[in-house]
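Read the structure below first, then the notes.
The values are calculated or read from the model by the stated rules, or taken from the named source; none is laboratory data. What you see is a predicted model, and the numbers here were worked out from it, not measured in a lab. Please note: Cβ atoms are built from the backbone with ideal geometry, for glycine as well, and neighbour counts cover all protein chains shown.
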Amino acid sequence: MIGFNGGLSNPSTVPDENLQAENTLSYELGTDFRMFKDRIKLDLTVYSTLMDRQLIETPVDPSSGYRRKFTNGGEVKTQGIEIALSGDILKSQDKLNWNMYGNFTHYDSEVVSIPASLEGRLILSTLFGSRGTIEAIPGRRFGDIWGLGYERNPDGKIIYADGVPVLAQESRYIGNPNPTTKFGWGNEFKYKGFRFNFLFDGQFGGVGYSLTHAVLMEEGKLKKTLPGRYTGIIGDGVVLNPDGSYSKNTVVATAGDYYARHFNRDNLESNTFSTDFIKLREVRLDYSLPKSF
């Protein structure tokens, strides 16, 4: 479940005199389906949750003696589906037994509303100072990342000036750190006292900002900074001509200037990466000693 973060422990935050309890309305529909004498089992659940009157912090005039104020106002809708499926492919008393199992989860969240005083966006937190923000904006996913990125021409090519890329002056949508899909898939084999199990899992739909990547690229400590180190490098992009047209960038920049500008810590676009993965989570081999032993 996703929602705004509320608490009353900060002495610089004053609560609203008319605070109300948060309200959550949930609908859930599920089924437990089994067939072939329980050799195949399916658990399926779909749900929808609406959280309103959530506690959120809003800025107030510092002359009041406080910096922020707690009030009710956040409303977030979350919908999703959860599936768990397992089946006995081989099943016997003294021979090989094989069970396959898996799970799948997909969900999405949407900010329905925030207080009108926030002018359409609520900053939930910042990334390493002022380099980016995590925000709640009505009509968008909860927790979207906003920050600076490349200035691009209408065809999507990076614009260069003096051989280095130009950063946009306005914050833009970068991605969302919350994956929308997660899954797991495993197999278990049993033969007499032996049991062998392996499990894969993964997730899709999220991104993450890496300050470590930005620092290492600026300092030339990653292999990606080797091209052009001694001869300079020409960036793949365009330059803006005086007449408003664009032409291919042909200016050679030093490697230091090129990588420092491309992977500047304030450039969230170049230092944000997909957090999608599929990994082998577990491999296990067991042997159970017989009772006679």
Pick from segment 250-261, criterion touching a Phe, Trp or Tyr at 6+ places or on another chain (Cβ under 9 Å) and within 29 Å of LEU127 (Cβ to Cβ), ranking: surrounded by the fewest Cβ atoms within 10 Å (Cβ to Cβ): ALA255
Could we say that GLU188 is part of a strand (DSSP E or B) and surrounded by 15 or more Cβ atoms within 10 Å (Cβ to Cβ) here? yes
Can you tell me which of (1) among the polar types (S, T, N, Q); (2) in contact (Cβ under 8 Å) with a residue 24 or more places away in the chain; (3) surrounded by fewer than 12 Cβ atoms within 10 Å (Cβ to Cβ) is the one THR275 doesn't meet? (3)
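Of the residues PHE142, PHE196, which is surrounded by 13 or more Cβ atoms within 10 Å (Cβ to Cβ), closer than 30 Å to LYS91 by Cβ and in contact with a strand residue (DSSP E or B) (Cβ under 7 Å, 6 or more places away or on another chain)?
Numbers: PHE142 fails: closer than 30 Å to LYS91 by Cβ.
Being surrounded by 13 or more Cβ atoms within 10 Å (Cβ to Cβ), closer than 30 Å to LYS91 by Cβ and in contact with a strand residue (DSSP E or B) (Cβ under 7 Å, 6 or more places away or on another chain) holds for just one of PHE142, PHE196, which is PHE196.
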Among (1) under 27 Å from the mean Cα position of the chain (by Cα); (2) at pLDDT below 90, which single condition is GLN79 missing? (2)
Out of segment 153-172, which residues are modelled with pLDDT under 95 and either basic (Lys, Arg) or closer than 11 Å to LEU268 by Cβ (or both)? LEU167, ALA168, SER171, ARG172
